[in-house]
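Engineer: Structure provided below as structure tokens; questions to follow.
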Amino acid sequence: MANERVPIEPFPPGDLIREELGARGWSQSDFAEILGRTPAFVSEIIAGKRGITLETAQALADAFETSAQSWLNMESSYRLALSRSKKDSGVKKRARLYAKAPVREIIKRGWLEPSANPDVLEQHVCRFLGINNLDETPAVLPYAARQGGPHFEPSPAQIAWHIRARHLASSIHVAPHSKKSFAHLMPQLKAFMEDPEDLRRVPTTLAEAGVRLLILEPLLGTQIDGACLWLDAASPVVVVSLRYDRIDAFWYTLMHELAHVFHQDGLAARPPLDVNLIGEGKDHDRPKFEARADEWAEAALISQGDLEAFIARVGPLFSKKKIREFAAMLGVNPGIVVGQLQHREVIQWSHSREMLVRVRDIVTQSALTDGWGHRLPVLN
């Protein structure tokens with residue numbers, strides 16, 4: 001064995017020991033005598049039942065005139081190959097699953113059945129996403145907008161949120177939708193904008209106009225405020241995340257998504273997924289259809305002419321009293337006025353925050369809700 005053998009594929013060091021014994025005409029008992037070990041020890045080394053330690057590697061090197069390092073390398077390669085054959089398929093599969101969807105979080109939310117078996121878990125993930133295998137892409141992907149560019153591809157978590165919304169929306173029963181029913185809807189919603197308790201009536205009013213409303217808690221890091229999607233050409237769905245639990249955020253998001261319904265955005269193309277729609281991180285570089293929805297929502301909440309006149313008359317000293325008087329004149333909640341002033345950046349985000357009343361507990365009493373302790377069945 002003057003020239004050391006370097007294996008191309010990892011194999012048990014015992015195979016090489018057996019070959020060398022045969023080439024030298026040594027029995028396992030002979031070799032045990034040479035090493036000063038028991039025949040059982042040699043048998044276990046050859047069978048791969050006993051690992052090659054540093055001491056054993058040195059003994060093999062002395063017996064076969066090789067290096068101890070070559071035996072240690074062979075042993076570690078073989079053991080690593082064994083480990084991969086047993087575990088790698090599961091590790092790689094789970095890695096692919098977690099790259100495809102936020103598996104741990106959606107299991108925690110009750111959207112996906114858990115399983116310790118990676119093959120079974122893959123079936124659950126594929127069924128949830130509506131795909132046959134992990135190489136496929138979900139059939140209906142949303143389109144989103146953010147700062148730094150007009151569009152971006154949604155993340156796996158954003159896709160999962162959108163798919164969960166689509167799963168749940170089909171269970172909401174509504175009247176037939178039409179342009180006529182939608183035209184009657186807007187004056188009715190306007191009457192609910194002053195008293196937060198009237199928000200309980202919003203889901204039913206939307207349903208009577210053929211619009212499904214779903215409240216879906218966002219997944220971590222998604223920054224989703226809302227979405228508009230279509231189950232078919234006559235079945236619009238408005239989804240609100242309530243990422244910000246404020247009256248102005250709810251109404252602005254709702255009206256923005258209803259603008260998408262009005263203009264049928266996403267019906268013939270990828271449905272809009274609204275990310276960073278509200279708050280200090282609101283995007284200003286937005287696609288035309290999103291800017292149009294912004295303008296539509298602002299006008300639906302407050303006459304922009306009246307708002308501009310109020311700003312010119314009162315600014316920059318927007319007292320709480322003036323805000324409340326202006327809101328009362330318009331028949332809207334003061335928080336909606338505060339939200340509009342913040343949006344126009346004429347007041348600080350800290351101004352009159354007590355007027356931005358929380359509405360989540362009110363809305364979720366009457367709307368189909370998934371999140372904040374409301375757990376709906378797995379529908380995949």
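The values are calculated or read from the model by the stated rules, or taken from the named source; none is laboratory data. Not measured: the values here are computed from a predicted model. Virtual Cβ from ideal backbone geometry, glycine too; neighbours counted across all protein chains shown. These accessible areas exclude ligands, DNA and RNA; they are computed on the full protein's heavy atoms, side chains included. Shrake-Rupley method; radii C 1.70, N 1.55, O 1.52, S 1.80 Å.
Engineer: What net charge is computed for the residues neighbouring GLU298, neighbours being all others with C-beta under 12 Å from the C-beta of GLU298, Lys and Arg scored +1, Asp and Glu -1?
Structural biologist: -3
Engineer: Give the calculated FRET efficiency between GLU33 and LYS108 to the nearest 0.05, with a Förster radius of 56 Å applied to their Cβ-Cβ distance.
Structural biologist: Plugging the Cβ-Cβ distance into 1/(1 + (r/R0)^6) gives 0.35.
Engineer: For Cα pairs less than 8 Å apart in space and 6+ apart in sequence, what is the mean separation divided by the residue count of segment 324-363, i.e. the relative contact order in percent?
Structural biologist: About 33 percent, as a whole number.
Engineer: Then there's this: Using the Cα centre of segment 173-259 as origin and beta-carbon charges of +1 (Lys, Arg) and -1 (Asp, Glu), tell me which of ALA207, PRO218, HIS256 is placed farthest towards the positive end of the dipole.
Structural biologist: Towards the positive end, the residue furthest out is ALA207.
Engineer: Multiplying the sequence separation of TRP349 and GLU65 by 0.36 nm and subtracting their Cα-Cα distance, what value in nm do you get?
Structural biologist: Gain in length upon complete extension: 94.4 nm.
Engineer: While we're here: Students often get this wrong, so check it: of LYS92/LYS288; LYS179/LYS288; LYS190/LYS322; LYS180/LYS288, which have C-alpha atoms separated by over 32 Å?
Structural biologist: Over 32 Å apart, Cα to Cα: LYS92/LYS288.
Engineer: Starting with the highest mean, order 329-339, 185-195 by the number of other Cβ atoms within 10 Å, averaged over the residues of each peptide. Don't skip to the answer; put the middle values down first.
Structural biologist: Values: 329-339: 21.7, 185-195: 15.2.
Final packing ranking: 329-339, 185-195.
Engineer: Could you tell me which of rounded, prolate or oblate describes segment 193-313, using a ≥ b ≥ c as the square roots of the eigenvalues of the alpha-carbon gyration tensor, with rounded for a/c under 1.5 and, failing that, prolate when a/b is larger than b/c and oblate otherwise? All intermediate terms of the calculation are to be shown ahead of the outcome.
Structural biologist: Values: a/c = 1.37, a/b = 1.24, b/c = 1.10.
Rounded shape, in that the Cα axes give a/c under 1.5.
Engineer: Same structure again: Quick one: Cα convex hull volume of the chain, Å³ per residue?
Structural biologist: Each residue corresponds to 198 Å³ of Cα convex hull volume.
Engineer: Given a 1.4 Å probe, how much area per residue of the chain is accessible, in Å²?
Structural biologist: Per residue, the chain has an accessible area of 49 Å².
Engineer: If you wrap a convex hull around the C-alpha atoms of segment 246-375 and split its volume per residue, what is the figure in Å³?
Structural biologist: Here the figure is 136 Å³ per residue.
Engineer: Let me ask something else. Compute the distance in nm between two label points, each set 7 Å from the Cα along the Cα-to-Cβ direction, one at GLU325 and one at SER171.
Structural biologist: 5.0
Engineer: Through the Karplus equation 6.51 cos²θ - 1.76 cosθ + 1.60, θ set to phi - 60°, convert the phi angles of segment 305-315 into ³J(HN,Hα) values in whole Hz; use x for Gly and Pro.
Structural biologist: Each residue of segment 305-315 in turn: x, 5, 5, 5, 5, 5, 4, 5, 7, 9, x Hz.
Engineer: Under the rule of at least 5 residues apart or a separate chain, name every residue whose amide H is placed under 5 Å from the amide H of ASP274.
Structural biologist: Distant-sequence amide H within range of ASP274: ASP225, GLY226, ALA227, CYS228.
Engineer: Separate question: For segment 312-380, run through the GluC sites (Glu not before Pro) and keep only the ones in DSSP coil with at most 14 other Cβ atoms within 10 Å of their Cβ.
Structural biologist: GLU345
Engineer: Continuing with this model, one more query. Which value, in debye to the nearest 20, gives the size of the charge dipole of the chain about its Cα centre, when Lys and Arg are +1 and Asp and Glu are -1 at the Cβ?
Structural biologist: For the chain, the charge dipole is close to 900 debye.
Engineer: Identify which of ASP370, ASP62, ASP119 has the largest mean-square fluctuation in a Gaussian network model of the chain, with springs joining Cα atoms closer than 10 Å.
Structural biologist: Checking each option, the largest mean-square fluctuation is seen for ASP62.
Engineer: Step through the residues of segment 254-260 one at a time and calculate ³J(HN,Hα) from phi using the Karplus curve (6.51 cos²θ - 1.76 cosθ + 1.60, θ = phi - 60°), rounding each to whole Hz and writing x for Gly and Pro.
Structural biologist: Calculated HN-Hα couplings, in order: 4, 5, 4, 5, 5, 5, 4 Hz.
Engineer: Taking all protein chains as present, what is the carbon and sulfur share of the accessible area of segment 207-335, in % to the nearest whole number, probe 1.4 Å?
Structural biologist: Result for segment 207-335: 54 percent of the exposed heavy-atom area is carbon or sulfur.
Engineer: Follow-up. Rounded to the nearest 5, what % of the DSSP beta bridges within the chain are antiparallel ones?
Structural biologist: Working: 11 of 21 bridges.
Roughly 50 percent of the DSSP beta bridges within the chain come out antiparallel.
Engineer: Which chymotrypsin sites (Phe, Trp or Tyr not before Pro) does segment 271-380 hold that lie in a coil by DSSP with at most 15 other beta carbons within 10 Å?
Structural biologist: Here the sparse-neighbourhood loop sites are TRP349, TRP372.
Engineer: Output the relative contact order of segment 174-298, whole-number percent, from Cα pairs under 8 angstrom with separation of 6+ residues. If you can, show how the numbers build up before the last one.
Structural biologist: Working: 185 pairs, mean separation 28.2, N = 125.
Relative contact order, segment 174-298: 23 percent.
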